[in-house]
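A.B. asks: The structure that follows is given in the form of structure tokens.
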Amino acid sequence: MTDKTDDTARLAELRELVRPPVQFLLTRLQKDLGDNLLSLCVVGSALTGDFHPKFSDINTVVVVGRRSHQLLEQLAACGRSMGKRRLRAPLMMTREYIEQSLDVFGVEFLDFQLNHAAVYGPDPFAELSFRKRDVRLQCERQFKAALIKLRQGYISALGKPKAVGGLLLECAGELAVLLRALLWLTDTDRPREALPTLAAAAEKFEFDPAKVAPLMTHRRQRTRPDAGEVDGLFEDIYQVIDHLGRTVDAFGESDDA
């Protein structure tokens, strides 16, 4: 169990709007989980300039010593209280799960490692190491899956602008994490915010950032594209994702073993 003074100091480093909800969650976890609570980390936009005080959720990772159904029931019991505080349901995992998942969820754990704040317990992400081959394969798989999702989604939506616009915003929300993984694969510095990440990746991988930037801006501001621009935005982001899928495929087997 960590020192309460240390916990308070780490909480104080969070932005003011994020601090009270995370304090609420930590207090509840300490009460319900006791010694089974190993670490609590804040991840994602709550720590960056992408945070929108009105719309952004607060994402957390809870590391426990052992998983149980009772633990899920305890977390579910405070779900309503978390929702009122814009706390998304925590990602719950064990240290063993983290260690055994780096080959399949390397993209996500790389992003956690880059952008997290451990507010309780030991930092579960600081010392993680990744194989480039695993990350490359995951990136390629996710880019190609995104193309399928866009095609199927457009057909399922019957081409209706509102539904297609929602599909595009969802796609744009997933793109920044993948772009940071691509930058990592090429040993390029990774910005923490979405638009700077887009700019860095566009320069490195030679695509037009203007084809994606409007969707990232819409997503952050919680606005939808106008009906008349949806088809153009669809074609733009499809071309970019197709280009990135081909790019990461061309990296080939130069990854480490």
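The values are calculated or read from the model by the stated rules, or taken from the named source; none is laboratory data. These numbers come from a predicted model, not from an experiment. Cβ coordinates were reconstructed from backbone atoms using ideal geometry, including for glycine residues, and neighbour counts include every protein chain displayed.
A.B. asks: Given the criterion in contact with a strand residue (DSSP E or B) (Cβ under 9 Å, 6 or more places away or on another chain) and among the basic types (Lys, Arg), identify the matching residue among Arg80, Arg95.
C.D. replies: Being in contact with a strand residue (DSSP E or B) (Cβ under 9 Å, 6 or more places away or on another chain) and among the basic types (Lys, Arg) holds for just one of Arg80, Arg95, which is Arg95.
A.B. asks: Sticking with this one: Checking the conditions here, which among Lys162, Lys211 is surrounded by fewer than 19 Cβ atoms within 10 Å (Cβ to Cβ) and in the same structural domain as Gln138 (by TED's automatic domain parsing)?
C.D. replies: Working: Lys211 fails: surrounded by fewer than 19 Cβ atoms within 10 Å (Cβ to Cβ).
So the residue among Lys162, Lys211 that is surrounded by fewer than 19 Cβ atoms within 10 Å (Cβ to Cβ) and in the same structural domain as Gln138 (by TED's automatic domain parsing) is Lys162.
A.B. asks: Another question, then. Looking only at the range 214-239, filter to residues that are closer than 13 Å to Glu170 by Cα and of a type in the set (D, E, K, R); which one of those is surrounded by the most Cβ atoms within 10 Å (Cβ to Cβ)?
C.D. replies: Arg219
A.B. asks: Which residue, of Arg88, Arg141, is surrounded by fewer than 18 Cβ atoms within 10 Å (Cβ to Cβ), in the same structural domain as Ala213 (by TED's automatic domain parsing), free of Cβ contacts under 8 Å to residues at least 40 places away in the same chain and under 19 Å from the mean Cα position of the chain (by Cα)?
C.D. replies: Testing whether each residue is surrounded by fewer than 18 Cβ atoms within 10 Å (Cβ to Cβ), in the same structural domain as Ala213 (by TED's automatic domain parsing), free of Cβ contacts under 8 Å to residues at least 40 places away in the same chain and under 19 Å from the mean Cα position of the chain (by Cα) leaves just Arg141.
A.B. asks: Considering only the range 19-37, I want to know if a residue exists there that is in contact with a Pro (Cβ under 7 Å, 6 or more places away or on another chain) and outside any helix (DSSP H, G or I).
C.D. replies: no
A.B. asks: In the range 26-61, which residue that is of a type in the set (Gly, Ala, Ser) and closer than 20 Å to Arg219 by Cα is surrounded by the most Cβ atoms within 10 Å (Cβ to Cβ)?
C.D. replies: To start, the set of residues in the range 26-61 that are of a type in the set (Gly, Ala, Ser) comprises 34, 39, 44-46, 49, 56.
Right, trim to closer than 20 Å to Arg219 by Cα and you get 44-46, 49, 56.
Working: Gly44: 21, Ser45: 21, Ala46: 25, Gly49: 13, Ser56: 18.
If we take residues in the range 26-61 being of a type in the set (Gly, Ala, Ser) and closer than 20 Å to Arg219 by Cα, then Ala46 is surrounded by the most Cβ atoms within 10 Å (Cβ to Cβ).
A.B. asks: Does the range 222-237 contain any residue that is in a helix (DSSP H, G or I), closer than 26 Å to Asp187 by Cα, at pLDDT 95 or above and in the same structural domain as Arg136 (by TED's automatic domain parsing)?
C.D. replies: Looking through the range 222-237, at least one residue is in a helix (DSSP H, G or I), closer than 26 Å to Asp187 by Cα, at pLDDT 95 or above and in the same structural domain as Arg136 (by TED's automatic domain parsing).
A.B. asks: May I pose another question? Can you find even one residue in the range 48-57 that is over 26 Å from Val107 (Cβ atoms), of a type in the set (Lys, Arg), touching a helix residue (DSSP H, G or I) at 6+ places or on another chain (Cβ under 8 Å) and not in a helix (DSSP H, G or I)?
C.D. replies: No, that holds for no residue.
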